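**Q** Pasting in a structure now, in structure tokens, and then I'll have a few things to ask.
The values are calculated or read from the model by the stated rules, or taken from the named source; none is laboratory data. Fair warning: this is a prediction, and the values are worked out from it, not measured in the lab. Please note: Cβ atoms are built from the backbone with ideal geometry, for glycine as well, and neighbour counts cover all protein chains shown.
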Amino acid sequence: MTIKLSDEAIARITAKTGRASVPVRTPKRWLDFNQSLGTGERLCLGMLGWAFFLLSWHFAAQLDLAPARLFPGPSAVFASLQGLFLEKAFAADVLASVIRIVISFSLAVAIALPLALLMGSFARINALLNPLLGAWRYLPAPAFIPLLLMWVGTGDTQKIVLLLMGVVFFLVIMLADVTRQVPKVLIETAKTLGGGRRVVLWTVVFRQCLPGYMDTCRQMLAVSWTYLVIAEIVAATDGIGAMMMRAKRFVHVDDIMAGIVTIGLLGLAFDALFRLAYRRSFPYLKGQH
């Protein structure tokens, strides 16, 4: 009589007896915890997701849920996008929007990073600023549009300030949370070795937090893009939002959706740049992003 033992039973017997046996082979599953995917597999799955989205959009446009003029399919939207770039100087609008995003977000980081570094490092500064800045997070930035129009006019300054207000308060609080995650043992070791507050703040806390700072900024940049159309629909002559408002007057839904697609593609491009900078700046964290 022959008794066949499963791999799990062999593993238990080996653990009890301490004797070596044939390695247990765990069956591979398509969905499992702590999986690591190769670049090719990630690329294929990403393309599969986009293909599913575009096909769903195409078939939804064929169902006559709304007139074709009000709900164009992907082919009509991408044809409109091509026409915008080739015939309507849409590139200038895109450049104007990108400049506003870059300037406003750079100002937000320049303001938020020093405040967050101090708030996350020193309890008294955090107790002083956190209640104030935390409350400002709940004030909707678009509500300040009438005030900004009266204070700074209708030019680029108004749009940049609105984009700045949309992210800077969230950015301060989130970067401060990253700062608080520095292991206390690192700070105590630096102090034991004779490091003063300025040295510890710069050489230990700031450098330890750099990867987290960059990742947080990457996430908050997406929020900045969501405020772009709001900033550009009021008294704007250029920009993606201004183009979408001009298209609305003539019910050019394909142009409006082309503008939405453009913002999405630009957001993905900036996200990819942040990821590339992250990998180049912190190669020892390879595999986390």
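**Q** ALA242 passes all but one of (1) loosely packed, with under 15 Cβ neighbours inside 10 Å; (2) under 20 Å from PHE105 (Cβ atoms); (3) in contact (Cβ under 8 Å) with a residue 24 or more places away in the chain; which number fails?
**A** Going through the list (1) loosely packed, with under 15 Cβ neighbours inside 10 Å; (2) under 20 Å from PHE105 (Cβ atoms); (3) in contact (Cβ under 8 Å) with a residue 24 or more places away in the chain, ALA242 breaks only (1).
**Q** Right, something else. Pick out the one residue from LEU115, LEU81 that is closer than 20 Å to PRO211 by Cβ, out of contact with any Cys (no Cβ under 9 Å at 6 or more places or on another chain) and crowded, with 17+ Cβ neighbours inside 10 Å.
**A** LEU115
**Q** Let me spell it out: the conditions are (1) modelled with pLDDT under 90; (2) closer than 18 Å to ALA231 by Cα; (3) of a type in the set (A, V, I, L, M), and ILE187 meets all of them except one. Which number is the exception?
**A** It fails just one condition, (2).
**Q** Can you name every residue in region 54-70 that is among the aliphatic types (A, V, I, L, M), exposed (fewer than 15 other Cβ atoms within 10 Å of the Cβ) and in a helix (DSSP H, G or I)?
**A** LEU54, LEU55, ALA60
**Q** Considering only region 247-262, state which residues are over 16 Å from ALA92 (Cβ atoms) and touching a helix residue (DSSP H, G or I) at 6+ places or on another chain (Cβ under 7 Å).
**A** Hits for region 247-262 are LYS248, ASP254, ILE256, MET257, VAL261.
**Q** Oh, and also: Could you pull out every one of the helices (runs of 4 or more DSSP H) wholly within region 71-175 that has 3 or more residues that are touching a residue at least 60 places away in the same chain (Cβ under 8 Å)?
**A** Answer list for region 71-175: 74-87, 90-121.
**Q** Which one of the conditions (1) surrounded by 12 or more Cβ atoms within 10 Å (Cβ to Cβ); (2) at pLDDT 90 or above does GLY264 fail to meet, given that it meets all the rest?
**A** (1)
**Q** Quick check: anything in region 176-189 within 19 Å of the chain's Cα centre (by Cα) and not in a helix (DSSP H, G or I)?
**A** no
Yes or no, residue by residue, for (1) without any contact (Cβ under 8 Å) to a residue 12 or more places away in the chain; (2) not in a helix (DSSP H, G or I):
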residue	(1), (2)
LYS248	yes, no
VAL251	no, yes
GLY259	no, no
ILE263	no, no
PHE270	no, no
LEU276	yes, no
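**Q** Can you work out which of the residues in region 192-236 that are among the charged types (D, E, K, R) and without any contact (Cβ under 8 Å) to a residue 12 or more places away in the chain is surrounded by the fewest Cβ atoms within 10 Å (Cβ to Cβ)?
**A** Checked region 192-236; the qualifying residue surrounded by the fewest Cβ atoms within 10 Å (Cβ to Cβ) is ARG198.
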